[in-house]
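Asks: One structure follows; several queries about it will come next.
The values are calculated or read from the model by the stated rules, or taken from the named source; none is laboratory data. No experiment lies behind these values; they were computed from the predicted model shown. With ideal geometry, Cβ positions are generated from the backbone for all residues, glycine too; neighbour counts draw on all protein chains shown. Accessible surface areas use protein heavy atoms only, side chains included; no ligands, DNA or RNA. Shrake-Rupley method; radii C 1.70, N 1.55, O 1.52, S 1.80 Å.
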Amino acid sequence: GQLPLDRNARARLGPMITVSDNIDANWAYDRVGRGPTLDALARRAGMTSFTAASYWAYSLTSARDQVLFFARLERLTPPAHRAYALGLLRRIVPAQRWPLAAGA
């Protein structure tokens, strides 16, 4: 099931996405957990190289998987949270942005 997107989650997800805060990424990865949830999301996104690890930074993916994930992000995000998720992506600080347009 879906985890709640409460005030605490928003306070952590915002910095995780917009400034690439690793402490908040640790929190999110621990909350979601490795395994069935991430594996199911990767399958729904069409990712074939993704492998979750015990620590998020050791997880494996490919450029192709990243393009597939972001191309399908809107469809993969629950409607109730879609505007919030896309808003976070629009607010990523310049130093943390990386282009996907060429791959898409």
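Asks: Could you check how much of the accessible area of the chain is carbon and sulfur, as a whole percent, using a 1.4 Å probe?
Replies: Reported share for carbon and sulfur atoms: 58 percent.
Asks: Given the peptides 62-74, 81-93, arrange them by the average over their residues of other C-beta atoms within 10 Å, most packed first.
Replies: 62-74, 81-93
Asks: Normalising by the residue count of the chain, find the relative contact order in percent from Cα pairs under 8 Å and 6+ residues apart.
Replies: Working: 87 pairs, mean separation 27.0, N = 104.
Relative contact order for the chain comes out at 26 percent.
Asks: I've got another one for you. With unit charges on the beta carbons (Lys and Arg positive, Asp and Glu negative) and the dipole taken about the Cα centre of the chain, which residue among Ala53, Leu76, Trp98 sits farthest to the positive side?
Replies: Farthest towards the positive pole: Leu76.
Asks: Let's see if you can work this out: charge +1 on each Lys and Arg Cβ, -1 on each Asp and Glu Cβ, no other charges. What is the dipole magnitude of segment 1-93 about its Cα centre, in debye to the nearest 20?
Replies: The calculated dipole for segment 1-93 is roughly 280 debye.
Asks: I would also like to ask the following. To the nearest 0.05, what FRET efficiency results for Tyr55 and Ser20 with a Förster distance of 22 Å applied to their C-beta separation?
Replies: E(calc), rounded to 0.05, equals 0.90.
Asks: Give me the three principal axis extents of the chain from the C-alpha atoms, as integers in angstrom, largest value leading.
Replies: Projected onto the principal axes, the Cα atoms of the chain cover 33, 30, 27 Å.
Asks: Right, another one. Using each residue's phi in segment 58-68, evaluate 6.51 cos²θ - 1.76 cosθ + 1.60 at θ = phi - 60° and report the 3J(HN,Hα) Karplus result to the nearest Hz, with x for Gly and Pro.
Replies: Result, ordered by residue: 9, 5, 10, 7, 10, 4, 4, 4, 5, 5, 4 Hz.
Asks: Let me ask another. What does the helix-only formula give at 222 nm for the chain: each DSSP H stretch with n ≥ 4 adding -39500 (n - 2.57), the total divided by the residues, and the result rounded to the nearest 500 deg cm²/dmol?
Replies: Value at 222 nm, helices only, nearest 500: -16000 deg cm²/dmol.
Asks: Same structure again: Report ³J(HN,Hα) in whole Hz for each residue of segment 32-44, in order, from the Karplus equation J = 6.51 cos²θ - 1.76 cosθ + 1.60 where θ = phi - 60°; Gly and Pro get x.
Replies: After applying 6.51 cos²θ - 1.76 cosθ + 1.60, I find 6, x, 7, x, x, 5, 5, 4, 5, 4, 4, 5, 4 Hz.
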